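Here, each number is a calculation from the coordinates, and none is a lab measurement. None of these values were measured; they are calculated from a predicted model. Reconstructed Cβ throughout: ideal geometry from the backbone, glycine too, with neighbour counts over all protein chains shown.
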């Protein structure tokens with residue numbers, strides 16, 4: 001995949017056509033985000049991580065998705081405003097995409113094909129199922145705030161379950177290794 005990931009057409013949160021080409025040579029943390037999820041406070045940790053490591057070459061990229069219990073119902077403008085005013089998000093956000101199912105965005109097709117299994121165990125899946133929520137089998141994204149680490153060369157080097165936060169040592173180790181490569 002490598003370079004192919006950089007050519008996938010995307011739209012920024014303000015509707016401008018773009019792709020990941022601007023981020024070639026950087027380490028990417030790609031996260032499907034939502035504003036009305038129990039995991040939404042992860043925005044705070046993601047912003048802190050971005051502020052801490054952006055000078056070393058890390059880009060956190062947020063992709064709002066409304067796939068899970070319709071927890072991202074807002075417009076792009078509402079999402080951008082929420083992220084800015086509630087969590088002071090400075091990392092790039094993109095327009096809403098689908099991360100699972102028939103309408104899955106090509107970026108998420110590529111990410112899940114490259115890393116079909118997420119690290120982090122089955123605890124979060126079990127918790128969701130305990131609430132009576134049907135979960136997607138691998139390689140599909142499990143829930144909001146699943147994380148993909150893309151190395152400087154465009155290869156997907158790690159994937160983490162939604163409950164692995166920005167301060168989790170496993171995520172930190174994967175990012176540090178990718179930044180050092």
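Numbers below:
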read-out	value
Top-ranked residue in region 113-139 [being exposed (fewer than 11 other Cβ atoms within 10 Å of the Cβ) and closer than 19 Å to residue 168 by Cα; ranked as farthest from the chain's Cα centre (by Cα)]	123
Residue list for region 85-108, restricted to those being over 23 Å from residue 27 (Cβ atoms), in a loop (DSSP other than H, G, I, E, B) and out of contact with any helix residue (DSSP H, G or I) (no Cβ under 7 Å at 6 or more places or on another chain)	98, 100, 101, 102, 103, 104
Some residue of region 80-89 being surrounded by 19 or more Cβ atoms within 10 Å (Cβ to Cβ) and under 30 Å from residue 181 (Cα atoms)	yes
Test result for residue 44, under 19 Å from residue 15 (Cα atoms) and either part of a helix (DSSP H, G or I) or touching a residue at least 40 places away in the same chain (Cβ under 8 Å) (or both)	no
Subset of region 162-181 [crowded, with 22+ Cβ neighbours inside 10 Å, free of Cβ contacts under 8 Å to residues at least 60 places away in the same chain and touching a helix residue (DSSP H, G or I) at 6+ places or on another chain (Cβ under 9 Å)]	164
Unique match (being touching a strand residue (DSSP E or B) at 6+ places or on another chain (Cβ under 8 Å), surrounded by fewer than 15 Cβ atoms within 10 Å (Cβ to Cβ) and touching a residue at least 12 places away in the same chain (Cβ under 8 Å)) among 64, 9	9
Breaking point among (1) in contact with a helix residue (DSSP H, G or I) (Cβ under 9 Å, 6 or more places away or on another chain); (2) under 23 Å from residue 18 (Cβ atoms), for residue 119	(2)
Search result, residues across region 27-39 that are in contact (Cβ under 8 Å) with a residue 24 or more places away in the chain and either under 13 Å from residue 165 (Cα atoms) or buried (at least 21 other Cβ atoms within 10 Å of the Cβ) (or both)	27, 28, 29, 30, 31, 32, 33, 34, 39
Selected residue (criterion: farthest from residue 154 (Cα to Cα)) from residues of region 113-133 that are assigned to a helix (DSSP H, G or I) and in contact (Cβ under 8 Å) with a residue 40 or more places away in the chain	123
